[in-house]
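Asks: Below you will find the structure I want to go over with you.
The values are calculated or read from the model by the stated rules, or taken from the named source; none is laboratory data. Quick caveat, the model's predicted, so the values are computed rather than measured. Cβ atoms come from the backbone with ideal geometry, glycine included; neighbour counts cover every protein chain shown. Please note that ligands, DNA and RNA were not included when accessible areas were found on the heavy atoms of the full protein model with its side chains. Shrake-Rupley method; radii C 1.70, N 1.55, O 1.52, S 1.80 Å.
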Amino acid sequence: MRKWTRRAVIGAGSLLGGGLVLGVGGVVLAPNRLRIRPDDVTEGPHLTTWVRITPDNQVVAIVPHCEMGQGAIVGLAMMLAEELEADFESVRIEEAPAVDEFANGYILRGFAAEAGIGVPQWLTRAVDYATFKVAALGDMQLTGGSTSTRATGVYGMRVAGAAAREMLIGAAAARFGVPGTELSARGSRILHEPSGRTASYGELASEAARIRPPARPWLKPRSEFRLVGTSQPRPDLPGKVNGSAEYGIDVALPDMLVAAIAQAPVPGGTLDSVDASLAESMPGVRKVVALENAVAVVADGYWQATEALAALEPKFGDAGRGSVSSADILGEHAAALDRLGAAPGAPADALNVAAEYSVPYLAHASLEPMAATARVANGRCEVWAGTQDPLNARRVAAEAAGLEPDDVAMHNLHSGGSFGRRLPGGFDYVAQAVEIAKSLEPRPVKLIWSREQDMQHDYYRDVVLMRMQAALGADGRPVSWSSRFTGMPFMDTMAAEPFYPVGESDLQVAEPPVHLRTGSWRSVAWSQHVFFMESFIDELAHAAGVDPLAYRRRLLANEPRHLAVLERAAAMAGWGGALPPGRARGVAIAECFGSIIAEVAEISLSASGDIRVHSVDAAVDCGYTVNPNQARAQIEGGIVFGLSAALYQEITVRDGAVVQRSFPDYGMIRLATAPRIRVDFIDSDAELGGLGEPGVPPVAPAVANALFSLTGERLRTLPLRPAAAALSPA
């Protein structure tokens, strides 16, 4: 295969401004993406990029996504096996290696589909190859945006499995000397029913691999699915239970050293000076390594490294931001909104409702802090770490080592939680590990961030300030809607766009100065904007004197999918039914990542004024579920994740630095405070939607709306702290 460099012009195709630009050869001659296979195949032939079959009839599903607890890789293998007609008991799942051949452009197809950009069938081959080249040139092998199943599964795994099935049928037809139309595939075998002859996939694989993959193989209708839609176990769980699963922090190599690190407390600060003599005289310490904005101690073990690090007294600069506080940051956001100007005035005969909302910085607080192991030797580099984009991590490692990406081997491992922290832009821990290892060549070095370093040097979910205004007509419906908010023009504006009919809408975004490093956090901008929108819709319902559920029903009367989800969640929760004294319900709905979800929370207040969430009922329309038990677990996990942020979590800044240091400063839902969660899925004819993130956004407004119903107090800032509540969870 011809080598493509990152400096090359995309000859085969590129996506520019939403359009497809094809190079020489045009649409018809665009290469088939499924034919792109690695050169060093040793364990059985590749039928397509994503399918390998071993001589002992084992199907290997090669999945271009990481495992960080979400379990989506099983569903991807199921989608491939469904079309391949493989015996799922004989399917093995492997994560795709971090090499260009396995760059994943299918996620671009998923984002385009969510934006309403369709691809005609005659153009799919060209688009798939073009997005592949874009992904390869951009080092894209990303897991995020709830794209694994709805993008890679739909456009990649299903098509790859179907193509491999047709290739195997072609090989059997040639071997048996019969037309392919007389053959059928089932249970990892090809059958010629008239003669009774059969052959296993393993027997046919070498011959099938020599057949050109079809560009547009026949895909099964959902009515013929036998595997997809059934609950299958996750093969990664036993290792996580018995401790044999390997995470980035678990790596152990011969002759390995361990590093601990201290970074400039104020973002943008640099290391001004450090006296390494005392630390380097301590037992087991090998070297003190100065980096641009940090200092690391390398020792024989982690305890020795941390003890020596504590003995250092590094001097860091503060980039002129050493006096900044959380109040200052919020003031900068308010000033940015002030510069946008006021919202248009409401009609004279309308009821005007206005409110201001805000949410704080949030950390990812991954259970496994950042960790990476690197070895630089003989002009090559190896890295072991858990990341959400191993190809991009390989690029970062190459830059840190001063090498070409082809000279770097990236070994991607399980991630102990992430949900955005280990995405491109957040590979500081990878670069640091490589820089440290360079100074100790050829010995491998494992860098481990302490919990305090992890909490105080995250890529945080951003602060957002929102000002909303709506005018209600005589029937209580919005006739105009205005929102002014801080954030990113593209992502925040997408999330802020109301799916309700609100009359004239006016959305404007301001970009204030950035203090902390920010990045993607589970459900991205929808985690903020669904709280704003669904809380404000609740305010409009009360201003109109209408039950909040009934108000949403009115507004969504012409949106059957939204209405069905809303009705199902309300029925599950018994909306309108009697409640025990001191309890109330709240509802919220969201449309994001190709799915629609409604949640109803039932709450009470403790004697000290703390919010107690007793139950959350969720109804979801994601088209259909691939692996139902895992789909349910994703929504349940999202609810707990979002509830922790709604009730307890915030990152604050004092003297330019993050105040919170560890979990005692950053609370979360625990078993004793976890609600009963029920999840129900609505099967629809819609395209497949994502599930990793949609469970998060509705839970905060559902709880806030329930609190207003219970107390009459409208909380517009997260975390939710009623006037009588303690400042921290009991």
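Asks: Quick check, is ASP454 surrounded by 22 or more Cβ atoms within 10 Å (Cβ to Cβ), among the charged types (D, E, K, R) and farther than 16 Å from ALA294 by Cα? Break it down into steps so the answer makes sense when it comes.
Replies: Details: surrounded by 22 or more Cβ atoms within 10 Å (Cβ to Cβ): yes; among the charged types (D, E, K, R): yes; farther than 16 Å from ALA294 by Cα: no.
Spelling it out, it is not the case that ASP454 is surrounded by 22 or more Cβ atoms within 10 Å (Cβ to Cβ), among the charged types (D, E, K, R) and farther than 16 Å from ALA294 by Cα.
Asks: Still on this structure, I have one more. For the stretch 288-296, indicate whether the set of residues that are more than 33 Å from the chain's Cα centre (by Cα), at pLDDT 95 or above and open to solvent by less than 60 Å² (accessible area, probe 1.4 Å) is non-empty.
Replies: Yes.
Asks: HIS414 fails exactly one of the following numbered conditions: (1) more than 26 Å from ILE107 (Cβ to Cβ); (2) out of contact with any His (no Cβ under 8 Å at 6 or more places or on another chain). What is the number of that condition?
Replies: (1) is the only condition that HIS414 fails.
Asks: Kindly indicate whether any position in the stretch 118-132 is assigned to a loop (DSSP other than H, G, I, E, B), within 30 Å of THR493 (Cβ to Cβ), among the polar types (S, T, N, Q) and touching a Phe, Trp or Tyr at 6+ places or on another chain (Cβ under 9 Å).
Replies: no
Asks: Also: Looking only at the stretch 81-110, count how many residues are of a type in the set (Gly, Ala, Ser), crowded, with 24+ Cβ neighbours inside 10 Å and either within 17 Å of VAL60 (Cβ to Cβ) or at pLDDT below 95 (or both).
Replies: Here the count works out to 3.
Asks: Answer with yes or no whether ARG35 is under 27 Å from the mean Cα position of the chain (by Cα), open to solvent by 30 Å² or more (accessible area, probe 1.4 Å), at pLDDT 90 or above and over 28 Å from ALA115 (Cα atoms).
Replies: Working: under 27 Å from the mean Cα position of the chain (by Cα): no; open to solvent by 30 Å² or more (accessible area, probe 1.4 Å): yes; at pLDDT 90 or above: yes; over 28 Å from ALA115 (Cα atoms): yes.
Criteria not met by ARG35.
Asks: Among the strands (runs of 3 or more DSSP E) confined wholly to the stretch 141-248, which include 3 or more residues that are free of Cβ contacts under 8 Å to residues at least 60 places away in the same chain? Steps first, please.
Replies: Details: elements: 183-186, 189-192, 197-200.
Filter on the stretch 141-248 gives 189-192, 197-200.
Conditions tested, residue by residue: (1) open to solvent by 10 Å² or more (accessible area, probe 1.4 Å); (2) among the acidic types (Asp, Glu); (3) closer than 23 Å to LEU340 by Cα.
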{"position": "SER523", "(1), (2), (3)": "no, no, no"}
{"position": "GLU534", "(1), (2), (3)": "no, yes, no"}
{"position": "ARG552", "(1), (2), (3)": "no, no, no"}
{"position": "ASN558", "(1), (2), (3)": "yes, no, no"}
{"position": "ARG561", "(1), (2), (3)": "yes, no, no"}
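Asks: Residues to consider are ILE596, ILE589, ILE611; find the one that is under 20 Å from ARG714 (Cα atoms) and in contact with a His (Cβ under 7 Å, 6 or more places away or on another chain). Can you show your working first?
Replies: Values: ILE596 fails: under 20 Å from ARG714 (Cα atoms); ILE611 fails: in contact with a His (Cβ under 7 Å, 6 or more places away or on another chain).
Of the residues listed, the single one that is under 20 Å from ARG714 (Cα atoms) and in contact with a His (Cβ under 7 Å, 6 or more places away or on another chain) is ILE589.
Asks: Output the residues belonging to the stretch 612-639 that are closer than 26 Å to TYR460 by Cα, in contact with a helix residue (DSSP H, G or I) (Cβ under 9 Å, 6 or more places away or on another chain) and open to solvent by 20 Å² or more (accessible area, probe 1.4 Å).
Replies: GLN634
Asks: Separate question: Which residues, counting only those in the stretch 301-317, are among the aliphatic types (A, V, I, L, M) and in contact (Cβ under 8 Å) with a residue 12 or more places away in the chain? Please lay out each step first, then the result.
Replies: Here is the first cut: in the stretch 301-317, the ones among the aliphatic types (A, V, I, L, M) are 305, 308-312.
Passing the criteria: ALA305, ALA308, LEU309, ALA311, LEU312.
Asks: Residues to consider are ALA672, ALA686; find the one that is assigned to a loop (DSSP other than H, G, I, E, B), open to solvent by 20 Å² or more (accessible area, probe 1.4 Å) and not acidic (Asp, Glu). If you could, list the steps in order and put the result at the bottom.
Replies: On the way: ALA672 fails: assigned to a loop (DSSP other than H, G, I, E, B).
Among ALA672, ALA686, only ALA686 is assigned to a loop (DSSP other than H, G, I, E, B), open to solvent by 20 Å² or more (accessible area, probe 1.4 Å) and not acidic (Asp, Glu).
Asks: From the list VAL434, VAL445, VAL464, pick out the single residue that is closer than 30 Å to ALA350 by Cβ, buried (at least 22 other Cβ atoms within 10 Å of the Cβ) and among the β-branched types (Val, Ile, Thr). Walk me through it before giving the result.
Replies: Values: VAL434 fails: closer than 30 Å to ALA350 by Cβ; VAL445 fails: closer than 30 Å to ALA350 by Cβ.
Among VAL434, VAL445, VAL464, only VAL464 is closer than 30 Å to ALA350 by Cβ, buried (at least 22 other Cβ atoms within 10 Å of the Cβ) and among the β-branched types (Val, Ile, Thr).
Asks: A follow-up question, please. For the stretch 539-563, name all the residues that are under 15 Å from TRP575 (Cβ atoms), part of a helix (DSSP H, G or I) and among the aliphatic types (A, V, I, L, M).
Replies: Scanning the stretch 539-563 gives ALA541, LEU549, ALA550, LEU563.
Asks: Quick check on the stretch 114-142: of everything there that is under 22 Å from the mean Cα position of the chain (by Cα) and open to solvent by 50 Å² or more (accessible area, probe 1.4 Å), which residue is nearest to LEU76 (Cα to Cα)?
Replies: Ranking the qualifying residues of the stretch 114-142, first place goes to GLU114.
Asks: Follow-up question, since we're still on this one. Yes or no: ILE53 open to solvent by less than 20 Å² (accessible area, probe 1.4 Å), modelled with pLDDT of 95 or more, under 24 Å from ALA205 (Cα atoms) and in contact with a Pro (Cβ under 7 Å, 6 or more places away or on another chain)? Quick ask: steps written out before the conclusion?
Replies: On the way: open to solvent by less than 20 Å² (accessible area, probe 1.4 Å): yes; modelled with pLDDT of 95 or more: yes; under 24 Å from ALA205 (Cα atoms): yes; in contact with a Pro (Cβ under 7 Å, 6 or more places away or on another chain): yes.
When the stated conditions are applied, ILE53 passes them.
Asks: Among the candidates ASP250, ASP318, single out the residue that is farther than 17 Å from TRP449 by Cβ, surrounded by 15 or more Cβ atoms within 10 Å (Cβ to Cβ) and either touching a helix residue (DSSP H, G or I) at 6+ places or on another chain (Cβ under 6 Å) or not aliphatic (A, V, I, L, M) (or both). Full working, then the answer.
Replies: Working: ASP250 fails: farther than 17 Å from TRP449 by Cβ.
Being farther than 17 Å from TRP449 by Cβ, surrounded by 15 or more Cβ atoms within 10 Å (Cβ to Cβ) and either touching a helix residue (DSSP H, G or I) at 6+ places or on another chain (Cβ under 6 Å) or not aliphatic (A, V, I, L, M) (or both) holds for just one of ASP250, ASP318, which is ASP318.
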